[in-house]
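Take a look at the structure below.
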Amino acid sequence: MALHPEIAAVTDRIIERSRPTRDAYLALIRAEREGGVDRPILGCANLAHGFAGTEEDRETLKAGRAMNIGIVTAYNDMLSAHATYYRYPEQMKIWAREAGITAQVAGGVPAMCDGVTQGYPGMELSLFSRDTIALSTAIALSHGMFEGAALLGICDKIVPGLLMGALRFGHLPMILIPGGPMRSGISNKEKAHTRELYAEGKASREELLDSEIAAYHSKGTCTFYGTANSNQMMMEMMGLHMPGAAFVNPGTKLRQALTRAAVHRLAEIGWDGDDYRPLGECVDEKAIVNAAIGLLATGGSTNHLIHLPAIAACAGIVIDWEDFDRLSRAVPLITRVYPNGSADVNGFEDAGGMPFVIRELLGAGLLHGDILTVAGDDLSAYGRKPVIADDTLAWVDPGASKDESIVRPASNPFSPEGGFRILTGNLGRACIKVSAVERSRWTIEAPCRVFEDQAAVQAAFKAGELDRDIVVVVRFQGPRANGMPELHKLTPPLGVLQNRGFKVALVTDGRMSGASGKVPCAIHCSPEALGGGPLARVRDGDIIRLSAETGELEALVDGPTWAARTPVDAPAWASGTGRELFAMFRHGANEAEKGASAMLAAMGA
């Protein structure tokens, strides 16, 4: 099937726009391969320091003839998704020896959970933890001891951060290794219902806690289709996992077989082999477009409208929100997973999962099949499902959808378009995800109420002050103001207001969770309010029009009055919970559309 013309046009636009920076990036990684720091040039004292921590592999490392894999891990046992990695390094060392190579833990990266910090000061560190992870990855790989790497990470900022750091070592072959989602607990619909009851004062804190524990109950990624699971989807679409590895549960024979296969595959695509596949060549413009298409076809997390441009920039590729908007009009929505449907990712995997999605999109000419992946010379292997057959790992055709309420063929989509739009107007430029929003709510026009933190919104809701048609504006939530925290705590009260029959929308320069759903939200507003951005001119009672149909985001205030308004000042900056340590990240951050990153801004990306 020929590639869809609009996908081809957007890809060509990205290639042309990126040509100078992509050429410079490829020159960098080739120079690193040819003349950078690697084991053969290290001095004897340097090498001895690198060997000192190991006994079993010391002689192999001393001989210097076998590939050495650097393991970069996000393990911690406080977070369910990363607790799965506890035994991985020792297992991977055994599997490396099977392939005649060695493996060492090169370093660890932090892994924080937005689910734990949501609504509290720690959330103001969350986005910039991604830059910290990228920097930590670079430190881990800086020793010149490795000819390849295995990246162990799953959740919201961890996968983007790992990739951003790893791409600066793009001359090395690398594979991302997921841990898989926890098995299903109570339904996401039941969980959301209890949250809304609690927001209305109709459920106790004990009832809410019991509900949350029943949802988040064991090792593995959360089962809703938020940023963490969108990460895993994108790695499949870019060909950076072993095929079909994204949503296999932890502790299963298949999960272990896929991890073992990843280690063996790294040996095959290594530095000195006949099938050398450097990460920086795998992550090209077509792979980035595939990731964007995956987000749109599956209703993935809005956080990746920040993360994917940041990942791309680290490979010398420039993608913007217009690219997403144009792709969204060409790519059908073929998946419904909570919050865009009732099923969780385990139900999605059982219905066909990523192999079904990739096979369908490839067959309909909606994906670039001709990309270099860690598994082969095109994406076709990712359209097959991993199984254990006769105690052997194999891949088979996923067949027809097992449940068309969850995943459908591209010929019979839930919607002919993806779920993303750009909004523009006198309030700036923003994003909106509409894949879970009823079409009747794509346009909201109502008086606004302005807030400067989400706690104030919750207080006003509890006081009954928001019981009307309303656009809630939450400003000074951008990357430079306070680190751009997610505002997921607003989802239950705004959902309650909508359930009461009111027309409700949110407008903010902050982020919403990857779990954002049925309430229309104009997010990532740029320029942000800090520094005089347009949200700083909004006043209580202004009529705001938000329309995903027409792409409008307007305060309906006459021009002279709007121009005469003095932007309000930002609230006093808050310290504590380590926030003062991240001042340099806030002060140097670029805009959301470019990745909301101080690191990228300093690089000139």
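The values are calculated or read from the model by the stated rules, or taken from the named source; none is laboratory data. Not measured: the values here are computed from a predicted model. Backbone-built Cβ (ideal geometry, glycine too); neighbour counts: all protein chains shown. The area values use the complete protein model at the heavy-atom level, side chains included, leaving out ligands, DNA and RNA. Shrake-Rupley method; radii C 1.70, N 1.55, O 1.52, S 1.80 Å.
Can you give me the angle between helix 5-35 and the longest principal axis of the chain, using Cα atoms only, in degrees from 0 to 90, rounded to the nearest 10?
40 degrees
By how many degrees, between 0 and 90 and to the nearest 10, does the Cα long axis of helix 285-298 differ from the longest principal axis of the chain?
Long axis of 285-298 versus the principal axis of the chain: about 50 degrees.
Could you state the accessible area per residue of the chain in Å², with a 1.4 Å probe and every protein chain left in place?
Working: 22090 Å² over 605 residues.
With all protein chains present, the chain gives 37 Å² per residue.
When only alpha-carbon atoms count, how far does region 43-120 stretch along each of its three principal axes, as whole angstroms with the largest first?
On the principal axes, region 43-120 reaches 53, 28, 17 Å in Cα extent.
For Gly425, list long-range residues whose amide hydrogen, built 1.01 Å from N in the peptide plane, is under 5 Å from its own amide hydrogen.
Leu553
Based on C-alpha coordinates, I'd like the Rg and Dmax of region 129-209, in Å.
19.7, 59
Roughly what percent of Cα-Cα pairs across the chain reach past 44 Å? Walk me through the intermediate numbers first.
Values: 29071 of 182710 pairs.
It works out to 16 percent of all Cα pairs.
Which three lengths, in whole Å and largest first, does region 488-576 cover when its Cα atoms are put on their principal axes?
Principal axes ranked by extent give 40, 37, 21 Å for the Cα atoms.
Using all alpha carbons of region 349-492, what is the percent of pairwise distances in each 10 Å bin, ordered from the shortest bin to the longest?
Going out from 0 Å in 10 Å bins, region 349-492 shows 9, 25, 24, 19, 18, 6, 0 percent.
Show me the ranking of peptides 309-319, 156-166, 69-79, 192-202 by mean Cβ neighbours inside 10 Å, starting with the highest. Mind dumping the intermediate values first?
Working: 309-319: 26.4, 156-166: 28.9, 69-79: 21.3, 192-202: 16.9.
Taking the mean over residues of other Cβ atoms within 10 Å, the ranking is 156-166, 309-319, 69-79, 192-202.
Out of all DSSP beta bridges in the chain, what portion is antiparallel? Express it as a percent rounded to 5. Display every interim value, and only then the final one.
Working: 24 of 53 bridges.
The antiparallel fraction comes to roughly 45 percent.
What translational diffusion coefficient, in µm²/s and rounded to a whole number, does the Stokes-Einstein relation yield for region 157-201 at 4 °C and a viscosity of 1.567 mPa s, taking the hydrodynamic radius as the Kirkwood radius over Cα pairs? Intermediate values should be presented prior to the final figure.
Working: Rh = 14.3 Å.
Rounded to a whole number, D works out at 91 µm²/s.
For region 187-325, list log₁₀ I(q)/I(0) at each q in 0.09, 0.17, 0.19, 0.20 Å⁻¹, using the Debye formula over Cα point scatterers of equal strength and ignoring solvent, two decimals each.
Values returned for q = 0.09, 0.17, 0.19, 0.20 Å⁻¹ are -0.41, -1.03, -1.13, -1.18.
Which peptide among 51-62, 491-502, 551-562 comes first, and what is the full order, when sorted by highest mean count of other Cβ atoms within 10 Å? Don't skip to the end; give the middle numbers.
On the way: 51-62: 13.2, 491-502: 18.2, 551-562: 14.7.
Final packing ranking: 491-502, 551-562, 51-62.
Tell me the carbon and sulfur percent of the accessible area for the chain, rounded to whole percent, probe radius 1.4 Å.
Values: 11600 of 22090 Å².
C and S atoms contribute 53 percent here.
Would you please calculate the Kirkwood hydrodynamic radius of region 341-418 over all C-alpha pairs and express it in Å, rounded to one decimal?
Working: mean 1/r = 0.0744 Å⁻¹.
Answer for region 341-418: a Kirkwood hydrodynamic radius of 13.4 Å.
What lysines sit close enough to Lys93 to cross-link, taking a C-alpha to C-alpha distance under 21 Å and skipping anything fewer than 8 places away on the same chain?
Lys62, Lys253
To make sure I understand the rule: partners must be lysines, Cα under 17 Å from the Cα of Lys191, and not fewer than 8 residues away in the same chain. Which ones qualify?
Lys202, Lys489, Lys518
Once you have the Kirkwood Rh of region 450-605 from its Cα pairs, apply Stokes-Einstein at 25 °C and 0.890 mPa s and quote D in µm²/s.
Working: Rh = 16.4 Å.
The diffusion coefficient I find is 149 µm²/s.
Arranged from highest to lowest average of other beta-carbon atoms within 10 Å per residue, in what order do the peptides 20-31, 82-93 appear? Don't jump to the answer; show the numbers that get you there.
On the way: 20-31: 15.3, 82-93: 18.6.
Packing order, densest peptide first, comes out as 82-93, 20-31.
Picking from Gly531, His82, Gly399, whose Cα lies most toward the positive end of the charge dipole for the chain (charges on Cβ: Lys, Arg +1; Asp, Glu -1)?
Among Gly531, His82, Gly399, the one farthest towards the positive end of the dipole of the chain is Gly531.
To the nearest 500 deg cm²/dmol, what mean residue ellipticity at 222 nm is calculated for the chain from DSSP H runs of n ≥ 4 alone, each contributing -39,500 (n - 2.57), summed and divided by the residues?
Numbers: 24 runs with 234 residues, N = 605.
About -11500 deg cm²/dmol.
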